[in-house]
Structures are given as C-alpha cells and as structure tokens.
Amino acid sequence: MRKYVEIPLEVMERLVEGKCVEGSLRRDEWTGKVTFRAYQRQPRDRHERVVCQLENGWLKESPQRYKFYNSVRKDLGRRMVDVVMHRELNTAMQALEIEEILDNV
C-alpha cells in the first residue's frame with residue numbers, strides 16, 4: 001500500500017538542510033490526502049539585563065522584577081556561608097542604588 005504525503009515547500013527545504021522538523025501528520029477531510037503541517041514555534045525572548053555580576057552569582061533586571069542568584073559551597077561552613085551571602089547581597093544592593101542614582105541624573 002502506498003500513500004503520498006503532501007509536504008509544504010518550506011518544510012522540505014528545512015529537511016534538505018538537515019534540520020529536524022516537528023509537526024502533525026493528518027488526513028485532510030476534503031481532499032482525502034495525507035498532509036504534514038509543521039509546528040510554528042517561536043523562540044522565547046528573554047529581556048533580562050545583567051545589572052551586576054557577583055563573585056558567586058548575579059543580579060538581573062527583567063521588565064517585572066529583579067532576580068538575585070547566589071551559589072556558595074557547603075564545605076565553607078554555615079557561618080562563612082552566612083557572611084558570604086550577606087556580602088554578596090550588600091554588593092547587589094549597592095549596584096541597584098548606583099543604577100537608580102545614575103537613572104535620575
């Protein structure tokens with residue numbers, strides 16, 4: 001049994017380039033032919049700006065919020081981890097204050 005599948009030209013071009021094409025294979029109700037429709041996926045846009053690059057993390061600004069990330073090794077001990085995290089947080093807060101001052105000038 002042979003079945004012919006209709007593939008749009010732009011999908012065929014992507015296949016010839018060696019790219020993977022995800023989509024759905026369906027039987028058209030009106031023509032009775034099997035057709036392939038590629039998913040029209042769009043890449044996610046991330047509009048984040050790095051405000052400050054820290055020693056163990058970063059501070060980023062997105063349209064809705066500020067994001068603070070800090071990663072410290074466990075073998076430093078709880079007291080040293082506490083000191084390092086507070087130091088990084090203070091550095092990030094100072095960077096935010098400087099940004100605000102520069103924006104208002």
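The values are calculated or read from the model by the stated rules, or taken from the named source; none is laboratory data. Since the structure is predicted, the reported quantities are computational estimates derived from the model, not experimental observations. Note that we place each Cβ from the backbone using ideal geometry, even for glycine, and neighbour counts take in every protein chain shown.
Here are a few things to note about the model shown:
- Members of segment 23-49 that are exposed (fewer than 12 other Cβ atoms within 10 Å of the Cβ) and either closer than 22 Å to Asn90 by Cβ or at pLDDT 90 or above (or both): Arg49
- Considering residues of segment 1-18 that are in contact with a Ser or Thr (Cβ under 9 Å, 6 or more places away or on another chain) and not in a loop (DSSP other than H, G, I, E, B) only, the residue nearest to Ile98 (Cα to Cα): Glu6
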